[in-house]
Amino acid sequence: MNTANKFTLVRIIMVPVFMLVLLSDLPYSNWVALAIFAVASATDAVDGYIARSRKQETDFGRFLDPLADKLLVTAAILIFTGWGQIRSWAAMIIIAREFAVTGLRLIAVTNGRVIAAAFSGKIKTVTSIVA
């Protein structure tokens, strides 16, 4: 397992931590959850930089990195939907799109192809994270 993939795995591990903190009644839990979300989001840029600069790009990383992004953003969307801050129809559209893209990637993998994220996908991820 290379360094870039380790950063991606850390991001995945941070998802339930983010959720637990955000849903807790601890003092300043919203701010702590925001910090966890920000750090987890930052690892997306870090793992991509490391993978490209050190020539550590792998099929595993190309699959896992977008999955980690989807898990993080979906966790936040589900919590905000439960709180009534996002309409359920809007959450469904966003999550359905993520499932569709992941499904297409899985079909491609079964045919021996790995579809890496395009630049437009990276813009979409950054927009989702900021929102």
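The values are calculated or read from the model by the stated rules, or taken from the named source; none is laboratory data. What you see is a predicted model, and the numbers here were worked out from it, not measured in a lab. Here Cβ is always computed from backbone atoms with ideal geometry, including for glycine, and neighbour counts include all displayed protein chains. Ligands, DNA and RNA are stripped out before the accessible areas are found, and what is left, the full protein with its side chains, is counted by its heavy atoms. Shrake-Rupley method; radii C 1.70, N 1.55, O 1.52, S 1.80 Å.
Solvent-accessible area assigned to carbon and sulfur over segment 1-114 amounts to 69 percent, based on a 1.4 Å probe.
Here residue 55 is the anchor, and the aspartates and glutamates within straight C-alpha reach of less than 13 Å, apart from those fewer than 8 places off in the same chain, are 47.
For segment 24-82, the per residue solvent-accessible surface stands at 57 Å², with DNA, RNA and ligands left out and a 1.4 Å probe. The listed peptides 44-54, 60-70, ordered by packing as a protection proxy, come out as 60-70, 44-54 (highest mean of other Cβ atoms within 10 Å first). For the options 74, 110, 102, a Gaussian network treatment of the chain with springs between C-alpha atoms closer than 10 Å singles out 110 as fluctuating the most. Counting only lysines at least 8 places from residue 124 when in the same chain, those with an alpha carbon closer than 17 Å to its own are 70.
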